[in-house]
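Contents: one structure, followed by commentary.
The values are calculated or read from the model by the stated rules, or taken from the named source; none is laboratory data. Just so we're clear, the structure is a prediction, and the values are computed from it rather than from any experiment. Using ideal geometry, Cβ is built from the backbone for each residue, glycine included, and neighbour counts are taken over all protein chains shown. Accessible surface is based on the protein model in full, side chains and every heavy atom, while ligands, DNA and RNA are left aside. Shrake-Rupley method; radii C 1.70, N 1.55, O 1.52, S 1.80 Å.
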Amino acid sequence: MTDGAGNSAGLFGSGLGSSGRPEDVQLLDTTLRDGEQAPGVSLTPEEKARIARALDDAGVDVIEAGSAVTGPGERETISRVTDLDLDATVTSFARGVENDIDLAMDCGVDGINLVVPASDKHIEDKIGTTHAENVAQTVELVEYARDHGLWVEVIGEDGSRADLDYLEELLGAALEAGADRVCYADTVGHATPDRTIEAVSRLAALGPTSTHTHDDLGLAVTNVMASLAAGADLVHGTINGVGERAGNVALEEVAIALDHGYGIETMDLTKVYDLAQLIASKTGIPLAPNKAVVGENAFTHESGIHTDGTLKDESMYEPYPPEKVGRERRLALGKHAGRAGVEATLNEHGIDVEEDELREIVARVKEIGERGKRVTDADLLTIAEDVQGRERERRVELLDLTAVSGSDVPTASIRLDVNGEVREEAATGTGPVDAAMQAAEAALSHTADAQLESYHVDAITGGHDAVVTVEVEMSRGDDHVTVTASEADITRASIEAMVDAMDRLVAGEDTVIADD
């Protein structure tokens, strides 16, 4: 059965949004707690506060700000988040210990995510208690938290491997004691969708139920959808799916799946890409190019057939428009490029070509692509200049660069020729590359309105004569350009790419870049 848009109206025999199924799904983001448990990730209080504000601006309902028992630094972080006066409910993760609840309250949180053991492994081997004592202690802790005015969610840890009769007894007792909701937790990413439906349907019959899934089997999103079909109405997850082992479910993937497939709104999707970039930057975990929703390739087309079809009808090869999730469509050039894509990219840069010129440009683009090299905007423009016999008139050129990184504060000085005027600037930064880029931006001046959109170190050769390839994407208004540069020195490669990109962005302008 399908709806008017051709989407499936049911899932695993049930229907999201149909009678007895949740039409209002909420999101709980645990990037600041579970996401930070990914190896090598450590966020400062300032970074966590910035992320929390961005999550709140995107309309996330609940933000798990950390675990107060972790230490003074974590409690400072949680307090920073609670002081932001967000619209979201701010919570702390708490073990089944009264002191954890007290520490959470000291941070001023709205509620707690109380985790208690649910499987035999955790009850007997990890905690060393009995099933009956575990239920009794859970009830006491829920009553204690509720008596102190906290919102309480009880998570049955390792619930996907628990005896379902016992899981129902444990979390049912928590609800009877006053818990606001309970949570099915696939703690080790063990569950299949049918197991998830069986467990969540039993819990949802008792009261409000959340779902917490991990991606160890690659089933995190599937198990979320199964949970919602079984009656859950709140989803735990992280932006970009960051988290321990294979990660948590990616909230942006859940949000777009619900919006596109079932018409259920959960958050402001236009904020998704900026959030993803923020999390990738602060955690140091880059986005895979083929990552759904936020990956670089999600709305990038290279194939000639796909590019031609997309130019004729934007929905031809995309399930939803990129603007929906704060993205832009891109046409990539390589060995699969076709005439339509090459011509469209040239037009974006204000270059008109004759039929025979276009034929030659496409051939050269394909030749470069077949050598395994990505054809950047700068490559294409250089090819077009050569084919048309035009001599490029540079507006911005690098004359000299000096960078020092051996001191306490990395510094760099730069000399640029900007429309025949020599400009010199110096700056400091977190490293030599950062210092050099700061100096270059100062020399170009802020009135140039150029933004560095992305920076990638794409390839490093081995040996004593290693060469690094740097790719930068810069924008100026609605114009974007991508340039690569290869040098033995990463700082020089970065600045050459940046300056070349700036030169491409101002090409053809009559006005001189202002010097402020």
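May I ask you to compute the full-extension gain from Leu84 to Thr270, defined as 0.36 nm times their residue separation minus their alpha-carbon distance, rounded to one decimal in nm? Numbers along the way, then the final one.
Values: separation 186, 0.36 × 186 = 66.96 nm, distance 2.24 nm.
Difference between extended and current length: 64.7 nm.
For Gly66, nonlocal amide neighbours, meaning residues 5 or more places apart or on other chains whose placed amide H falls under 5 Å from its own, are Phe93. Applied to region 237-247, the Karplus parametrisation 6.51 cos²θ - 1.76 cosθ + 1.60 on θ = phi - 60° returns per-residue 3J(HN,Hα) values of x, 9, 5, 6, x, 5, x, 5, 6, 7, x Hz, with x for Gly and Pro.
Which FRET efficiency, nearest 0.05, do Asp408 and Tyr320 yield, Cβ-Cβ r, R0 60 Å? Show your work: numbers first, answer last.
Numbers: r = 49 Å, r/R0 = 0.82.
Efficiency for this residue pair is about 0.75.
Tally Lys/Arg at +1 and Asp/Glu at -1 over every other residue whose Cβ is under 15 Å from the Cβ of Ala191; what's the total? Intermediate values should be presented prior to the final figure.
Values: positive: Lys121, Arg161, Arg195, Arg202, Arg245; negative: Glu157, Asp158, Asp163, Asp186, Asp194, Glu198, Asp215, Asp216.
Taking every Cβ under 15 Å from that of Ala191, the sum is -3.
Per-residue 3J(HN,Hα) values for region 482-495, derived from phi via the Karplus relation 6.51 cos²θ - 1.76 cosθ + 1.60 with θ = phi - 60°, read 10, 9, 10, 8, 10, 8, 6, 9, 5, 5, 5, 4, 5, 6 Hz in sequence order (x marks Gly and Pro). Backbone geometry of region 254-259 corresponds, through the Karplus equation with coefficients 6.51, -1.76 and 1.60 at θ = phi - 60°, to 3J(HN,Hα) couplings of 4, 4, 6, 4, 5, 5 Hz, x marking Gly and Pro.
For region 26-283, what proportion of DSSP beta bridges, expressed in % and rounded to the nearest 5, is antiparallel? Please list the in-between numbers first.
Values: 1 of 35 bridges.
Just about 5 percent of them are antiparallel.
Report, to the nearest whole %, how much of the accessible area of region 26-283 belongs to carbon and sulfur atoms, 1.4 Å probe, protein only.
The value for region 26-283 is 43 percent carbon and sulfur by accessible area.
At a Förster distance of 22 Å, what's the computed FRET efficiency of Glu367 paired with Gln388, Cβ-Cβ distance as r, to 0.05? Efficiency, rounded to the nearest 0.05: 0.80. In the assembled protein chains, Glu393 presents an accessible area of approximately 140 Å² (probe radius 1.4 Å).
Taken per residue, the accessible surface of region 190-288 reaches 32 Å², heavy atoms only and a 1.4 Å probe.
Here the relative contact order of region 26-283, from alpha carbon pairs under 8 Å that lie six or more residues apart, stands at 20 percent. Across q = 0.07, 0.08, 0.11, 0.12 Å⁻¹, region 26-283 modelled as identical point scatterers on its alpha-carbon atoms has Debye log10 I(q)/I(0) values of -0.21, -0.27, -0.53, -0.64, in the order of the q list.
Here's the list of lysines a cross-link from Lys366 could span, going by alpha-carbon distance under 19 Å and ignoring same-chain residues fewer than 8 apart: Lys335. Extending 7 Å from the Cα toward the beta-carbon at both Tyr144 and Arg245 defines two label points whose distance is 2.9 nm. Surface exposure of region 79-140, expressed per residue as accessible area with a 1.4 Å probe, stands at 46 Å². Counting heavy atoms of the protein chains alone, Thr283 has an accessible area of about 20 Å² for a 1.4 Å probe.
Computed from the C-beta positions of Asn347 and Glu98 and an R0 of 60 Å, the FRET efficiency is 0.35 to the nearest 0.05.
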